[in-house]
Each structure stands twice: as C-alpha cells, then as structure tokens.
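This report refers to the structure that appears directly beneath it.
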Amino acid sequence: MYEHKKQAVISRQQFNQRIQKHLFAVLLLLMISLAFGMLGYHGFEHLSWMDAFLNSAMLLGGMGPVNTPVTSAGKLFAGLYALYAGLVFIVTAALIFSPIAHRILHQFHWDEND
C-alpha cells in the first residue's frame, strides 16, 4: 500500500489522494458503525431513532452513552457496542494518522538499517 523505503517519496498530489482514500474509509467505517449502533439501540432498548443515533454517536465519539440500558439484552448490546466503539475510535485514529506518520518517517529516513 505504501512505498518501500528504497522508493522515492510520492508527490503531494498522490499523498493527498492517499489521505482522501483513508478519510473515505474512516467515514464509511463510522457510517456503518453508527447504523449498527442505531439498529441495536432501537431494537434492544426500544429507543427512538433520534435517541438511538445520539447514544451511538456519543459512544463512537468516546463520550459514553446518554440513556442507561434497561433490559438485559440492551445491557449486553450496550457493553459489546461500547467495546466495539472503543476499537473503532483507535482504528479511525490509525487510519487518519498512518499516512502522515509514514510520510514523515519516509522523508527523514527514520527507518531500519539494511
């Protein structure tokens, strides 16, 4: 996916395209995760779509839920979704910052010796 350490640094236009691809992947992951959370909160906790959106968005943003789950199935879903949202938070940060970190390391040749 990225250029090898022996290859030249890609052009600014190619780098911008790489960033755009990563941002698209992040947006797609967030939209799918948000829809999954909304379906779960709506189905298990019988929250309105707006409240399901709010709870899902708050968890994906790292803030925590707004409504406390009442049913056992809702509590199980909320716990699993919270763990999933934490991982999504880490993955989105990695997807956003990895091309930038790679370019910096590549430009300054902070890589392993041959």
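Length available on full extension from Leu105 to Lys21: 0.36 nm per residue minus the Cα-Cα distance, which gives 28.2 nm.
Between Val70 and Val9, full extension at 0.36 nm per residue minus the direct alpha carbon distance yields a gain of 16.6 nm. Taking the Cα centre of the chain as reference, the dipole from Cβ charges on Lys and Arg (+1) and Asp and Glu (-1) amounts to some 280 debye.
Only Cα pairs under 8 Å and 6+ residues apart enter the sum, and on that basis the relative contact order of segment 12-108 stands at 30 percent. Identify the residues of segment 1-32 with backbone N under 19 Å of a label point that sits 7 angstrom from the Cα of Leu95 along the Cα-to-Cβ direction, or state none. Only 1-2, 15-32 pass the distance filter.
No lab work stands behind these numbers, since they all come straight from the coordinates. What you see is a predicted model; the values in this text were computed from it and never measured. All Cβ positions, even for glycine, are placed from backbone atoms using ideal geometry, and neighbour counts span all protein chains on display.
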